[in-house]
Each structure stands twice: as structure tokens, then as C-alpha cells.
1. Show that you can apply the helix-only estimate: for the chain, add -39,500 (n - 2.57) for every DSSP H stretch of four or more residues, divide by all residues, and state [θ] at 222 nm to the nearest 500.
2. How high is the FRET efficiency from Leu111 to Arg135, r the C-beta distance, R0 30 Å, rounded to 0.05?
3. Summing +1 for each Lys or Arg and -1 for each Asp or Glu, what net charge is found among the other residues whose Cβ lies under 14 Å from the Cβ of Ala44?
4. I need Ile100, Ile109, Ile59 ordered by Cβ neighbour count within 10 Å, fewest first.
5. Roughly how large, in nm² to one decimal, is the mean projection of the convex hull of the alpha-carbon atoms in the stretch 1-99?
6. Would you list His23, His112 from fewest to most Cβ contacts within 10 Å?
7. For the stretch 58-139, what are the per-bin percents of Cα-Cα distances with bins 10 Å wide, up to the bin holding the maximum?
8. Loop-only check: which GluC sites (Glu not before Pro) in the stretch 1-83 are DSSP coil with at most 13 other Cβ within 10 angstrom?
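Read the figures in this text as sums done on the coordinates, not as results from a lab. Being a predicted model, the structure only gives us computed values, none of them experimental. Glycine also receives a Cβ, built like all others from the backbone with ideal geometry; neighbour counts cover every protein chain displayed.
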Amino acid sequence: HNMAYSDRVVKRFENVLKNPEKHSVGRFDPEDPNIGTGMVGAPACGDVMRLQLQVENGIINDVKFKTYGCGSAIASSSELVDMLTGKTLEQAEAVTNKQIAEILDLPPIKLHCSVLAQESIAKALADYRRKDNYRSSDG
Ligand code: FES
């Protein structure tokens, strides 16, 4: 059977492999109150994605990720960096796995890779908001 990756997936994936740091592979301090960390595993394949959002005044300033997974999952993470940088938390929350899958032209068998990406956003936002609530209740 033919499971060829789309050109866009291949390009993203290759760029990340060639120059990971330039393409936002890395880690922010998860204890930093301005960082939201989302770590998600896909039961279907065992792949894992960690997405971190750096937030200032309600805007996502910077994004880093580390994805132990297939080419589609790595390409999805890389796509997220561009989709989320400069966006509000509400805009980030509105990103759907369908959008990611469409941009990357993922075949049905690879849809869960984009679900992984979407769930990592949700978890990262929840982590950030939890810290933010704590901070505001702290005065
Ligand atoms: Fe599981 Fe892609 S095959 S995340």
C-alpha cells in the first residue's frame, strides 16, 4: 500500500531534522509562570508530543516542541509553531485537528497525528491558565 507523505509534510519534517533549533525544537522551563506545557501521547502508536507556549499579555510570543513520533506528528508540531506564534489564547484554542490535517494533507490513517497536535495545544493552554489563576489569586 502507498502511504506517501505529502510534499508539505516532507518539507517540514526535513527542515526540522536538518536544523532543529532554528525550527523551534527545544524546551522552555516548565516551571516558568509564563510557559504553558502540553504533553500528550497517542495510544494508537505510542508517539509523544510536548508543546510549550510562552505567553505574554495574552499573546503567544514563542513556541517550542519536542516530538517523539512519526513524520506527520513532527510536521504537525512544526506547523503549530507558525499557526500559534503571535496569536491570542482564544485563537490558539480555536485551532482544530482538521485544520492541521488539511494543511498537511494527511491521509485518514494519519489523522491521529494531527489530533495529537490539537490536544497538545489544549493541554498547554490549560497548564498556562492554571498558573495564571494561581498568580492572580495570589494577588
Ligand atoms: Fe502516531 Fe503519527 S503515527 S502520531
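1. -15000 deg cm²/dmol
2. 0.25
3. -1
4. Arranged by neighbour count, lowest to highest, Ile100, Ile109, Ile59 become Ile109, Ile59, Ile100.
5. It is 7.1 nm².
6. So the residues, fewest neighbours to most, are His23, His112.
7. Reading upward from the zero bin: 18, 49, 24, 8, 2.
8. Listed in order of number, the matching sites are Glu21, Glu31.
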